[in-house]
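For reference, the structure is listed below as structure tokens.
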Amino acid sequence: MKARLAAFALVITGAAHAAPIPFETYIKLHNGMLEAELVSVAGAPDYGSDSNQGRLASGVATVSTTRQLSWLANGQIPYTTVVTLRDGVVVDIKRDKKL
């Protein structure tokens, strides 16, 4: 019984991590994509971080949301991909090889 629980825990833990983005998918990513389209093509990211920036120009306050989504490398695909979105639109895509 304990062996079954341990095996189940390993399966659940492995399923919690997102897969890295394969090259065939990476080349489909581009600036201007909406976040929903990005996630439908690339899958759920491993990590995400959000930040808000406020600005006051000519008496008008604007707030811009910046979000970074990361897909981490693993043993099969040694590349980490970080996509930056501003107000839900892709503005930067970086891919670095894991050493």
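Taking the criterion of being more than 20 Å from Gly88 (Cβ to Cβ) and among the acidic types (Asp, Glu), the only residue of the stretch 21-74 that qualifies is Glu24.
Looking only at the stretch 41-85, residues that are in a strand (DSSP E or B) and over 20 Å from Tyr26 (Cβ atoms) come to 16 in all. Being at positive phi, at pLDDT 95 or above and loosely packed, with under 12 Cβ neighbours inside 10 Å is the requirement here; does Gly32 meet it? So Gly32 passes the test. Tallying residues that are at pLDDT 95 or above and of a type outside the set (Ser, Thr, Tyr) within the stretch 55-73 yields 6. In the set (1) touching a His at 6+ places or on another chain (Cβ under 9 Å); (2) modelled with pLDDT under 55, the condition left unmet by Leu10 is number (1).
The values are calculated or read from the model by the stated rules, or taken from the named source; none is laboratory data. Worth saying up front: this structure is predicted, and the values here are computed from it rather than measured. Here Cβ is always computed from backbone atoms with ideal geometry, including for glycine, and neighbour counts include all displayed protein chains.
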